[in-house]
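The values are calculated or read from the model by the stated rules, or taken from the named source; none is laboratory data. Nothing here was measured: the structure is a model prediction, and the numbers come from that model. Cβ atoms come from the backbone with ideal geometry, glycine included; neighbour counts cover every protein chain shown. Surface areas here come from the heavy atoms of the whole protein model, side chains and all, with no ligands, DNA or RNA. Shrake-Rupley method; radii C 1.70, N 1.55, O 1.52, S 1.80 Å.
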Amino acid sequence: MFDPAKIEEILSALPDAVRPLSSGLDHLGVAVKDLDATLPLYHQMLGLELLYEETVESDKVRVAVLEFGGGHLELLEPTSEDSPVAKFIEKRGAGLHHVALRVSDCATALKAVGEAGFQLIDQVPRNGAGGKQIGFVHPKSTGGVLLELCQPGS
């Protein structure tokens, strides 16, 4: 279950070197089994604006990005049974997958977080949806929440 207090605790535990690089929440990632079936709920029933859809081959996901209150919601549908999102859904079911913080320099932020003792999934940034540079911090070191560091694309 999503616990906002836990997110605040994780954010406050980030090393001082990362905090100046972060400008807050970039998006929430939600794992879904069927994007076509789920999208109308968020887009039509809740009135969230659909910004774009794309497939990120390297992560084996189809992504729909919607805008809400100045932030974004990223719906993630696995395109393969061996996708990390498919494994997440199999283990935990559909729902909140990750919290993404916007950072000005993903490489520097990953390095600082790693040096502070957080377990990294990505040692260096990689390409994500929307042309962003991203890197993940393992949930084992963030109280069970998968944390994405996300540098907007140019």
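Note on region 131-143: residues that are modelled with pLDDT of 90 or more and either more than 14 Å from Val113 (Cβ to Cβ) or not β-branched (Val, Ile, Thr) (or both) amount to 8.
Identify the residue in region 100-154 that is buried (at least 23 other Cβ atoms within 10 Å of the Cβ) and over 14 Å from the mean Cα position of the chain (by Cα) and, among all such residues, is farthest from Leu66 (Cα to Cα). Looking at residues that are buried (at least 23 other Cβ atoms within 10 Å of the Cβ) and over 14 Å from the mean Cα position of the chain (by Cα), I get Val113. So is Cys150 touching a strand residue (DSSP E or B) at 6+ places or on another chain (Cβ under 7 Å) and within 15 Å of Leu28 (Cα to Cα) or not? Yes: the conditions hold for Cys150.
Flag not set for Leu146, criterion: modelled with pLDDT of 90 or more and closer than 26 Å to Gln44 by Cβ. Restricting attention to region 45-62, the residues being touching a strand residue (DSSP E or B) at 6+ places or on another chain (Cβ under 7 Å), open to solvent by 60 Å² or more (accessible area, probe 1.4 Å) and either of a type in the set (Gly, Ala, Ser) or not in a strand (DSSP E or B) (or both) number 2.
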